[in-house]
Structures are given as C-alpha cells and as structure tokens.
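Have a look at the structure below before the remarks.
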Amino acid sequence: MTLIKSISGIRGTIGGAQGDNLTPIDVVKYAAAYGKWIKEQRDKEDYRVVVGRDARISGEMVQQLVMHTLVGMGIYVIDLGLSTTPTVEMAVTMEHADGGIILTASHNPKQWNALKLLNKKGEFLDAAAGQEILDFAEEESVSFSEVDHLGKITKNDAYIDLHIEEILALPLVNTDAIKKAKFRVVVDGVNSTGGIAVPLLLQKLGVEAIELYCDPTGHFPHNPEPLKEHLGDLMHEVTSNNADFGIVVDPDVDRLAFVDEKGEMFGEEYTLVAVADYILKHTPGNTVSNMSSTRALADVTEKHGQTYTASAVGEVNVVTEMKKTNAVIGGEGNGGIIYPTLHYGRDALVGIALFLSHLAEMDMSVSALRASYPAYFMSKKKIDLQPGLDVDGILQKMQEKYTEEKHSTIDGLKIDFPENWVHLRKSNTEPIIRIYTEASTQEKADALADRFIAEIKELV
C-alpha cells in the first residue's frame with residue numbers, strides 16, 4: 001500500500017494506515033492544505049473551487065471528504081460529480097473559480113485514487129505552489145470557518161456538454177467532413193467517465209459509436225493504462241464489427257489511443273503526431289512534447305518548416321514550454337493532446353475531434369495514415385525501487401559512463417544516440433525508475449531497454 005506526496009498532487013492506495021495510504025484522514029489533511037493555499041492567493045470575500053471525479057469506486061467517498069473540508073474552510077464548491085480531467089480544467093475558467101480539484105489516479109488500477117490540484121487558470125500547479133501545499137499539510141495550522149461563514153456546495157452536471165460545445169465550435173473541427181465520412185468506431189471507456197463523454201461527443205459529430213466498457217461503475221475491465229497488452233478486447237471488437245477504428249481513453253480522459261481498422265495499435269505516441277500534422281497543415285507554428293516522446297513529432301514539425309522543442313516530463317513542464325515558444329500544439333507521447341486554442345491541458349476529447357477531422361480530410365484508412373509517418377518503435381519499461389535506494393547516485397554514474405554521448409539532465413538522464421535514444425528518470429507518481437527507449441524496430445528498442453536495465457542493476 002502506498003501514499004505518494006509530490007508537487008503534482010497526492011496519490012495513494014485506498015485503505016490501510018494513515019500516512020502510509022490515502023486514508024480519509026489524509027484526504028482531509030491535503031484538501032485543507034489546498035484550501036489554505038487558495039485563500040493565500042487572493043484576499044476576497046468568496047472563494048470558489050471546482051471539484052470533479054472519475055468513476056473509480058472510491059471516488060464518491062473521496063469527493064465528499066474533499067468538498068466538505070473546503071466547505072468547512074468557508075469555500076464555495078462547484079460539484080461536477082462524474083467528470084473528466086479536461087472538463088474540470090475548463091470549468092475552472094468558465095466559472096471564474098479560484099482553483100479546482102480532480103479526484104482521479106489516471107491510469108493507475110482501481111485501488112488507487114488521487115487529488116490533482118489546479119490553479120485559477122485551470123492548469124496544474126507549478127513546483128513552487130505544489131511544494132507550498134505540501135508544507136502547509138505538514139504545518140497542521142489550517143484555520144476553519146465559524147458556523148455562519150461555512151461554504152456551500154452547488155451541483156452542476158452540465159459541464160461535459162459545455163466542454164463538447166466548446167470543442168465543436170473550434171474552427172479546425174471539421175464537423176461537416178466528419179459527418180460526411182460516416183465513421184463507425186468502437187469506444188473503450190474502461191468503465192469510467194470516458195464512457196459518458198466520448199459517445200456523447202461522437203454522437204454530436206455524426207459518428208456511429210459501438211460502446212465497449214462504457215458503464216461508469218469504476219470496475220475497470222482491464223488494466224486502465226491504454227497500452228497494447230491491455231486492449232485485446234478492443235482490437236477484437238474493431239475487426240469483428242468491421243469498424244473504421246477503435247478509441248480508448250484512460251479513466252479521467254486525458255490520454256487517448258487508437259486501434260486501426262485491422263485491429264492493430266495506431267501507437268499512443270502517434271496520437272499527438274497525427275493531430276500535430278493536422279494542426280500544422282492549417283495553422284503553422286511550433287510544437288512541444290516531453291523528452292520521453294517519439295522523434296516523429298520533431299520530424300513532422302520540421303516537415304512543415306516549424307520548430308520542435310522537448311520539455312521535461314510532466315504536463316506542467318510541457319505547458320510552460322508551450323507558452324514560452326508560443327506552440328500551436330503540444331502534449332505528451334502517452335496520448336496526451338494539449339491544444340491551447342481550447343485550453344492548456346491534456347484533453348482526449350479535443351484530440352478525438354481533431355483526429356477525426358484529419359482523417360476525414362485525408363480520406364484514408366487509419367492504417368494508411370499511420371504508414372505515412374516516420375516509423376519509430378518505443379519500449380517503456382521500469383525498475384521497481386527499494387526503500388533507501390540512491391537513484392540520483394545511480395543516474396549520476398550512468399551519466400559519467402555515457403558522458404561522450406549527446407545527453408541531457410533536464411529530467412533524469414536522456415542519452416541521444418545517432419540511431420536511437422534512452423531516457424532514464426524517477427517517476428513522480430510511482431516508486432519506480434522508468435526506462436524509455438526508441439529505435440527503428442521494436443526488437444532494437446526492447447534490446448536497448450534491457451541493456452540499460454542490466455547496466456542499472458549492476459550499480460544497485
């Protein structure tokens with residue numbers, strides 16, 4: 001059982017002992033610390049925070065604890081109930097709220113949950129703000145409101161519809177072309193809120209949706225991370241239904257992956273590549289992804305005569321770099337699309353609309369679209385960490401070993417070889433070292449990852 005306290009939020013497993021897991025006491029502690037941080041940002045009469053959750057089993061319990069903690073601090077809460085991460089992000093700005101909390105552990109299994117924290121822009125907190133909240137939680141000096149000054153909870157279940165309306169109004173969402181194409185797709189909503197939002201979006205776009213695991217019970221039918229090894233049912237349903245392709249999202253709908261008409265993975269890394277190709281064709285500009293993402297985005301960006309930049313891993317780092325370079329599209333290779341014309345947050349729903357627009361205008365199959373992009377293959381592996389392990393020391397030794405190669409220490413250690421690359425970094429959300437590699441074939445990528453795993457183990 002685990003509790004991970006980081007600048008990106010509080011994540012842990014439900015049940016067990018206080019301080020070691022995400023217990024009700026821990027939920028209240030960190031919600032109160034966030035409430036204190038909200039109040040210190042501005043001196044005003046009424047504070048407002050948007051709260052929404054994915055469909056995981058513990059979600060309702062955690063949401064009630066969070067909301068009533070904020071109410072006890074005199075903060076007004078807009079309760080979105082079952083929602084998506086990008087929907088909550090958009091609701092913060094549309095409500096002119098002071099912040100937002102999303103209760104989701106993203107791709108983690110059902111025993112996990114988390115508090116993802118947003119600022120008044122509906123964006124994830126930067127490192128300084130995140131650390132300030134962690135410090136507040138340890139000080140245990142939060143002041144609660146007297147009875148005449150308690151906050152209130154207002155329910156608003158319209159925001160998924162409002163989010164979709166904003167997407168449909170985007171100039172580059174070609175609704176006419178999508179409707180004319182008469183797409184037929186299978187949707188895997190992993191029994192979370194994607195099962196609500198994605199079919200609704202597709203209906204508005206005139207796309208026939210065959211629903212698979214779209215009942216938001218929180219009982220995930222497979223590992224909720226949208227990777228090939230977890231998507232056998234989706235692949236089968238696409239081919240057995242003669243669908244044009246399949247769509248899968250993670251539980252909070254900020255990651256997006258596709259399965260082509262042959263039942264093969266389009267590649268979650270290529271979700272951003274395809275969307276960026278479409279955006280750059282219509283609105284030339286710069287692109288950004290994190291340094292664990294495929295080289296194909298740089299290739300496509302350069303094909304359009306624009307500039308690509310790599311950021312440290314983490315949505316807040318990608319967003320910071322996008323703002324700095326005035327990027328027109330960006331995201332993360334795990335299927336996270338950030339389209340700033342809508343908002344600065346990973347958003348599977350806008351990714352779906354833009355991908356459909358691209359596919360409709362290109363008038364080709366999903367497999368043919370994938371074949372039009374440079375062929376790279378990634379391996380994503382990990383090493384579980386033991387307590388007390390000096391990970392920074394291990395990465396330092398690896399850097400010294402490869403000092404003659406082109407490398408970066410912006411985020412862990414990335415070594416760029418001429419034909420491939422490897423990125424080694426500590427996870428912010430799990431007790432592991434991630435080893436990402438990319439090469440010209442899957443076999444070469446896997447072999448490179450295994451080589452570095454062996455080299456790291458020699459140092460442990």
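The values are calculated or read from the model by the stated rules, or taken from the named source; none is laboratory data. The structure presented is a predicted model; accordingly, all values stated were derived computationally and were not measured. Note that we place each Cβ from the backbone using ideal geometry, even for glycine, and neighbour counts take in every protein chain shown.
Any idea which residue in region 23-49 is farthest from H149 (Cα to Cα), counting only those that are among the β-branched types (V, I, T) and in contact (Cβ under 8 Å) with a residue 12 or more places away in the chain?
The first filter runs over region 23-49 and keeps only residues among the β-branched types (V, I, T), leaving 23, 25, 27-28, 38, 49.
Those left that are additionally in contact (Cβ under 8 Å) with a residue 12 or more places away in the chain: 27-28, 38, 49.
Numbers: V27: 22, V28: 19, I38: 16, V49: 16 Å.
Ranking the qualifying residues of region 23-49, first place goes to V27.
Restricting attention to region 324-338, report how many residues are surrounded by fewer than 24 Cβ atoms within 10 Å (Cβ to Cβ) and among the aliphatic types (A, V, I, L, M). If you could, list the steps in order and put the result at the bottom.
Residues of region 324-338 that are surrounded by fewer than 24 Cβ atoms within 10 Å (Cβ to Cβ), as a first pass: 324-326, 328.
Going one step further and asking which of them are among the aliphatic types (A, V, I, L, M), we end up with 328.
Total satisfying the criteria: 1.
Which of the residues spanning region 217-236 are more than 20 Å from R346 (Cβ to Cβ) and in contact (Cβ under 8 Å) with a residue 60 or more places away in the chain?
T217, G218, H219
Out of all the residues in region 35-53, is one or more within 17 Å of T154 (Cβ to Cβ), modelled with pLDDT of 95 or more, assigned by TED's automatic domain parsing to the domain that holds Q111 and among the charged types (D, E, K, R)?
There is at least one residue in region 35-53 that is within 17 Å of T154 (Cβ to Cβ), modelled with pLDDT of 95 or more, assigned by TED's automatic domain parsing to the domain that holds Q111 and among the charged types (D, E, K, R).
One line per residue, one yes/no per condition, for (1) in contact with a Lys or Arg (Cβ under 9 Å, 6 or more places away or on another chain); (2) closer than 23 Å to V328 by Cα; (3) not in a loop (DSSP other than H, G, I, E, B):
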site: P251; (1), (2), (3): yes, no, no
site: D254; (1), (2), (3): yes, yes, no
site: G263; (1), (2), (3): no, no, no
site: E269; (1), (2), (3): no, yes, yes
site: I279; (1), (2), (3): no, yes, yes
site: P284; (1), (2), (3): no, yes, no
site: S292; (1), (2), (3): yes, yes, no
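Determine if region 212-232 includes at least one residue that is farther than 23 Å from D79 by Cβ, of a type outside the set (G, A, S), in contact with a strand residue (DSSP E or B) (Cβ under 7 Å, 6 or more places away or on another chain) and surrounded by fewer than 16 Cβ atoms within 10 Å (Cβ to Cβ).
yes
Restricting attention to region 84-125, and to residues there that are charged (D, E, K, R) and closer than 18 Å to I196 by Cβ, which single residue is surrounded by the fewest Cβ atoms within 10 Å (Cβ to Cβ)?
Keep residues of region 84-125 that are charged (D, E, K, R), which gives 89, 95, 98, 110, 116, 120-121, 123.
From what is left, the residues that are closer than 18 Å to I196 by Cβ are 89, 110.
Details: E89: 28, K110: 19.
That would be K110.
hydroxyl-bearing (S, T, Y), buried (at least 23 other Cβ atoms within 10 Å of the Cβ), outside the structural domain of G335 (by TED's automatic domain parsing) and closer than 28 Å to L256 by Cα: does that describe S58?
Values: hydroxyl-bearing (S, T, Y): yes; buried (at least 23 other Cβ atoms within 10 Å of the Cβ): no; outside the structural domain of G335 (by TED's automatic domain parsing): yes; closer than 28 Å to L256 by Cα: yes.
No.
Hey, any hits in region 322-331 for a residue that's under 20 Å from D250 (Cα atoms) and at pLDDT 95 or above? So that I can check it myself, show each step before the final result.
Going through region 322-331, the residues under 20 Å from D250 (Cα atoms) turn out to be 330-331.
Then drop every residue that is not at pLDDT 95 or above, which leaves 330-331.
Yes: one or more hits.
E45: of a type in the set (D, E, K, R), surrounded by fewer than 19 Cβ atoms within 10 Å (Cβ to Cβ) and within 18 Å of S106 (Cα to Cα), yes or no? Quick ask: steps written out before the conclusion?
Working: of a type in the set (D, E, K, R): yes; surrounded by fewer than 19 Cβ atoms within 10 Å (Cβ to Cβ): yes; within 18 Å of S106 (Cα to Cα): no.
No, not satisfied.
Please go through region 336-368 and give me each residue that is among the small types (G, A, S) and either in contact with a Pro (Cβ under 6 Å, 6 or more places away or on another chain) or more than 13 Å from S293 (Cβ to Cβ) (or both), ordered by number.
Those that are among the small types (G, A, S) and either in contact with a Pro (Cβ under 6 Å, 6 or more places away or on another chain) or more than 13 Å from S293 (Cβ to Cβ) (or both): G345, A348, G351, A353, S357, A360, S365, S367, A368.
From the list T307, T301, T341, which residue is crowded, with 23+ Cβ neighbours inside 10 Å and modelled with pLDDT of 95 or more? I'd like the intermediate steps shown before the answer.
Numbers: T307 fails: crowded, with 23+ Cβ neighbours inside 10 Å; T341 fails: crowded, with 23+ Cβ neighbours inside 10 Å.
Of the residues listed, the single one that is crowded, with 23+ Cβ neighbours inside 10 Å and modelled with pLDDT of 95 or more is T301.
Which strands (runs of 3 or more DSSP E) does region 112-228 wholly contain that include 3 or more residues that are more than 24 Å from L80 (Cβ to Cβ) and in the same structural domain as G246 (by TED's automatic domain parsing)? If you could, list the steps in order and put the result at the bottom.
Numbers: elements: 112-118, 153-155, 184-188, 208-212.
In region 112-228, 184-188, 208-212 are the strands (runs of 3 or more DSSP E) which contain 3 or more residues that are more than 24 Å from L80 (Cβ to Cβ) and in the same structural domain as G246 (by TED's automatic domain parsing).
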